[in-house]
Amino acid sequence: MIVLGFESSCDETGVALVDASGSGVPRLLAHALFSQIDMHQAYGGVVPELASRDHIRRVLPLTREVLARAEHALADVDVVAYTRGPGLAGALLVGAGVACALAAALGKPVMGVHHLEGHLLSPFLSADPPEFPFVALLVSGGHTQLMRVDRVGSYELLGESIDDAAGEAFDKSAKLMGLPYPGGPHLSKLAEQGDATAFKLPRPLLHSGNLDFSFAGLKTAVLTQAKKLGDELDTRKADLAASTQAAIVEVLIKKSMAAMAQTGLHRLVVAGGVGANALLRRELNDVSLRRGIRVHYPELHLCTDNGAMIALAAGMRLQAGLETSHRGYTFDVKPRWSLHEPQAEPVVASQVIGGVTG
Ligand code: KG4
Ligand code: ZN
């Protein structure tokens, strides 16, 4: 079963082809990605309208590239998958529209996928795939969640951020320091030259007794510190970056370990853009080794948004018999959508392509 997947929820256009034949872990045949970061950098963040327009420009050339690299024709595709949410509505509609139009033209079924399920399952494409059950730490630009995952489709929320996500904390703190968008990777690079103990920053909710996170206070503390430094900020920026990163990473690790203790599980999966953070990986590996916990990450290039994780999630859901793709060619997108809501609900006919309905 060959699955063609599209990701267009934010500022990356991703297309991928996955082979989900049989019951083994689906195999990535090829994927291609175009990041809009350079375009949005001038504005200090993602401009939704520009994002949608650029997805339109990129999606078909990327599709051709993926098919050529995988040495497959469109006619070989059995199922077309796309990110249905959460994300930017206009951006999501591009992927949904293209996927449904292609599937309708090919007479193949189509399937909407939850973006976070894609992130969460992305380590299955690595050389060292996890086994169920596991705890997942999902750390992206919009979400920070701890989940218990017993099998594909079974996602129990253990805790989540009550305000900013970890990625947002990185991005907003970086912006306050005058670093380019997206701040996470820039702040983390700068932090390598800084002293992480230079500034005492809060570790919000560290001792709250539950598995929730809060990062808004940290951002305010960084702002206060930056103001206090005034002209000195330029020379102390690396120290502030290192101190900020240390605070975020410490909270993520302590809460993850609390989730491992609470569930009694010994396997942890880290997914989402912040999962690319080198300090987080280093420290998590150290503490996990000491506690007999196996940690799994997606390959570095599949940490941030990509089409491979969407094709993979579609393939794994179909293999698990959780969902049937459909030939309705009607689609909606869900800009806000929690992962523990039922996934396999019927598609609402809010848009109909070419009058073709299921
Ligand atoms: O998963 P993702 O690509 O997009 C969303 O679904 O949100 O995550 C993007 C987030 C951004 O906040 C970005 O700054 C952060 O991941 N990020 C990092 C690193 N690489 C990406 N944060 C810290 N360190 C990194 N190396
Ligand atoms: Zn994402």
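Farther than 18 Å from Leu138 by Cα and touching a residue at least 24 places away in the same chain (Cβ under 8 Å): which single residue out of Leu229, Leu205, Leu233 fits that description?
Working: Leu229 fails: touching a residue at least 24 places away in the same chain (Cβ under 8 Å); Leu205 fails: farther than 18 Å from Leu138 by Cα.
After applying the criteria, what remains is Leu233.
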*asked:* It is to be established whether one or more residues within the stretch 1-12 are surrounded by fewer than 21 Cβ atoms within 10 Å (Cβ to Cβ) and without any contact (Cβ under 8 Å) to a residue 60 or more places away in the chain.
replied: no
_Show me the helices (runs of 4 or more DSSP H) found entirely inside the stretch 224-329 where at least 2 residues are not assigned by TED's automatic domain parsing to the domain that holds Gln36._
233-263, 278-291
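Scan the stretch 14-53 residue by residue and report those that are more than 24 Å from Leu93 (Cα to Cα) and of a type in the set (Asp, Glu). Lay out the reasoning, then the answer.
Applying the first criterion (more than 24 Å from Leu93 (Cα to Cα)) to the stretch 14-53 yields 19-29, 42.
Scanning the stretch 14-53 gives a single hit, Asp19.
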*asked:* Restricting to the stretch 150-176, count the residues that are over 28 Å from Lys219 (Cβ atoms) and within 11 Å of ligand 1 (Cβ to nearest atom).
replied: 0
*asked:* Condition first: more than 16 Å from ligand 2 (Cβ to nearest atom) and more than 28 Å from Gly209 (Cα to Cα). Can you find one or more residues in the stretch 141-153 that meet it?
replied: yes
*Any idea which of (1) polar (S, T, N, Q); (2) outside any helix (DSSP H, G or I); (3) within 16 Å of ligand 2 (Cβ to nearest atom) is the one Gln193 doesn't satisfy?*
(3)
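Being buried (at least 19 other Cβ atoms within 10 Å of the Cβ) and outside any helix (DSSP H, G or I) is true for just one of Ala99, Ala81, Ala103. Which residue is that?
Working: Ala99 fails: outside any helix (DSSP H, G or I); Ala103 fails: outside any helix (DSSP H, G or I).
Unique residue meeting the criteria: Ala81.
Restricting the stretch 122-149 to residues that are outside any strand (DSSP E or B) and buried (at least 23 other Cβ atoms within 10 Å of the Cβ), which is nearest to ligand 1 (Cβ to nearest atom)? Reasoning before the result, please.
As a first pass, look at the stretch 122-149 and keep what is outside any strand (DSSP E or B): 122-133, 140-143.
Keeping just the survivors that are buried (at least 23 other Cβ atoms within 10 Å of the Cβ) gives 122-123, 140.
Values: Ser122: 10, Pro123: 13, Ser140: 3 Å.
Checking each candidate, the answer is Ser140.
The values are calculated or read from the model by the stated rules, or taken from the named source; none is laboratory data. Every value quoted in this text rests on a predicted model; they were computed, and no experiment measured them. For neighbour counting, all protein chains shown are included, and Cβ atoms are generated from backbone atoms with ideal geometry for every residue, glycine included.
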